[in-house]
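Below you'll find the structure, written out as structure tokens, and then a few comments.
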Amino acid sequence: MTVVDPDEHTVRELEDELDTVEDVEELNAVLEAERAGKDRKTAQEAIRKRIDVLDGDESEGLEGDTETEGEYEDTEETVGEEAEAGDEAIDADVDEEDADEDEAEPEEEDDGLSHPTADKRHVRALEDGHYEDMWVFCETQGGELLDVSKEMLGKARELMDDYAEDYEEENVVAFLMGDDCEGLAEEAVAYGADVAVYHDDDRLERFLHTPYTEVSSHMARGEGTTESTDWREYDKPRYVLFPATNNGRDLSAQVQAELDSGLASDCSDLYIEATEISNPVKTGEPGVKKTFERVLHMKRPDFSGFEYSTILCLDNPGREFHPQGCSVIPGSFEPMEPDYDREGLVVEHDMELDEEWFDVEITEHDRLDAGVDLTGHEVVVCLGRGIADDPTLGMELGLDLADAFEDAALGITRGIVTSSYQFEGHVEQYSKEERQIGETGQVVAPDLYVAAGVSGAVQHKVGMDESDVVVAINTDPDARIRDFSDYFVEGDLFDVLPRLTDALESGELDVEAVADGGEHR
């Protein structure tokens with residue numbers, strides 16, 4: 001009869017119990033009991049590992065773990081023991097002279113930040129970590145909040161209001177940095193934040209990779225003076241949102257790595273709900289289902305552009321993946337109307353910035369034109385390669401249609417940007433990359449999207465798929481864009497666009513060959 005009955009424990013609980021057993025014979029008895037009972041492969045591997053530890057031959061036991069590698073994750077203590085065993089094996093192969101030199105060198109103190117991943121195992125994260133709030137990185141430019149920052153604050157406000165109904169109240173926390181940015185922190189409160197944490201330093205006027213990463217991580221971990229951290233009582237944020245801009249993509253990956261968590265990039269929808277999982281990597285035991293509460297579901301278009309994937313950042317047994325983080329495609333959400341009387345806490349963050357972080361200094365710079373922002377319009381008219389027969393006329397017809405609406409903008413596909421079309425007169429300015437819509441261009445979500453002469457490549461679909469109503473005009477009835485259009489007009493844009501423009505201006509629409517393609521969308 002064994003002291004430890006494996007049938008009474010999950011694999012994770014069994015591992016903790018095995019740590020208290022010091023007798024190999026007793027462990028062998030536990031192993032036999034497991035084989036005769038639940039016969040779990042992960043449990044048997046855990047027992048063998050403990051036997052190897054007591055036999056002083058753990059490194060040999062690890063070589064036999066490849067069959068179940070990835071089904072469970074070791075604790076920090078186990079990883080430390082493996083490292084020591086590995087060091088002993090290496091020392092046995094060095095000559096006496098090298099060994100003497102090694103003994104003379106002081107052993108470096110473990111700072112707790114190492115991440116041994118040679119055998120695909122991870123250090124356990126915070127033990128019983130405490131997580132709260134949804135953090136939003138508010139990117140700034142030229143002393144103003146970017147529109148995407150306001151959009152994310154509005155979505156975060158919506159999510160955390162619903163969260164309060166399902167669980168309890170937690171805050172929306174804006175975090176930002178820059179030169180003289182206290183006013184922007186106050187503006188973040190007006191756009192939905194409960195707390196706005198800012199770091200003011202004239203050297204942070206423009207985005208710099210290292211200092212922005214260090215400051216953001218320092219904020220998220222709650223480090224700093226009491227005055228700048230006494231408003232919170234948790235280890236890390238529960239959720240964190242970044243903009244999917246050039247700077248936001250850079251920062252999000254680095255900060256999430258610093259916080260020992262993961263990232264879902266380029267997301268276009270978010271919601272929070274409980275999720276039941278049976279994956280043994282997540283539950284710790286095959287055949288067992290586990291419900292994870294408060295899971296942030298992060299939807300993003302997949303590589304095909306025609307399907308969406310939902311990314312979950314879930315805990316592994318003995319490890320916490322927090323904060324659950326993602327970057328958000330600009331234009332995915334509507335900002336809330338600002339309320340400048342809204343009350344919120346504005347906190348100045350305190351941290352010494354290392355001079356080495358600013359070794360590269362920007363001595364001169366030119367500010368580019370603001371460019372063209374196609375987001376925020378009720379209507380977007382997009383032209384594709386269908387204008388090839390007469391590029392100048394095609395562009396003029398697209399502009400005429402856009403002008404016929406009260407609030408519309410003209411966009412183009414990458415096919416026009418990379419083409420060798422010759423444009424005459426003022427229309428040439430509309431053929432530049434700044435108007436490109438798609439995966440490598442702008443992402444728009446208007447009430448109405450008119451795609452004229454656009455084939456519907458997957459890269460383009462990513463940039464306009466969130467549009468409410470899509471009307472496509474194409475001479476090819478089998479063009480791919482028909483599959484995700486609400487209405488499809490089979491015809492030449494040089495004939496159709498003038499008729500649409502006339503109909504809008506006269507208030508009478510009489511277009512033949514319009515087929516409802518909603519069932520394909």
Under 8 Å for C-alpha pairs, at least 6 residues apart: give me the relative contact order for the range 152-204, rounded to a whole percent.
38
Summing +1 for each Lys or Arg and -1 for each Asp or Glu, what net charge is found among the other residues whose Cβ lies under 10 Å from the Cβ of D407?
-3
Residue separation between R221 and E293 times 0.36 nm, minus their alpha-carbon distance, gives in nm 23.7 nm
Give me the one-decimal nm value for the distance between modelled label points at R206 and D180, 7 Å along each residue's Cα-to-Cβ direction.
1.8
Once the Cβ-Cβ distance between V458 and E8 is put in as r, and R0 is 51 Å, what FRET efficiency do you end up with, to the nearest 0.05?
0.45
Cα pair distances of the range 199-246 binned at 10 Å [whole percent]:
20, 48, 30, 2
Convex hull volume of the Cα atoms in the range 349-389, per residue, in Å³?
219
Hits among lysines - C-alpha to C-alpha of K155 under 18 Å, sequence gap 8 or more where chains match
K299
Label model pair Y308, Y167: point-to-point distance (7 angstrom along the Cα→beta-carbon line) in nm is 2.2
Given labels modelled 7 Å from the Cα in the Cβ direction, how far is it in nm from E428 to I362?
3.0
From zero outward in steps of 5 Å, how is the percent of C-alpha pairs of the range 147-236 spread across the bins?
3, 13, 21, 23, 22, 12, 4, 2, 0
Between the range 349-409 and the range 27-53, what's the alpha-carbon centroid distance in Å?
62
Ordering V11, V53 by how much accessible area each has at a 1.4 Å probe, largest first, what is the list?
V53, V11
Report the semi-axes of the equivalent ellipsoid for the range 284-384 in whole Å, largest first, where each axis is √(5λ) for an eigenvalue λ of the Cα gyration tensor.
35, 28, 20
Percent of Cα pairs exceeding the 14 Å cut-off, where the set is the range 254-333:
65
Taking N as the number of residues in the range 289-448, what value does Rg over Cα atoms divided by 2.2 N^0.38 Å take?
1.49
Please report the spacing between the Cα centers of the range 240-281 and the range 424-479 in Å, no decimals.
28
Sorted on mean Cβ neighbours within 10 Å (highest first), peptides 183-189, 172-178 come out as 172-178, 183-189
Rg to Rh for the range 197-323: what is it, with Cα atoms only and Rh by Kirkwood?
1.02
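The values are calculated or read from the model by the stated rules, or taken from the named source; none is laboratory data. Just so it is clear, the structure is predicted and the values come from calculations on it, not from any experiment. Note: ideal-geometry Cβ built from the backbone for every residue, glycine included; neighbour counts use all protein chains shown. Calculation scope for accessible area: heavy atoms of the full protein, side chains included, ligands and nucleic acids excluded. Shrake-Rupley method; radii C 1.70, N 1.55, O 1.52, S 1.80 Å.
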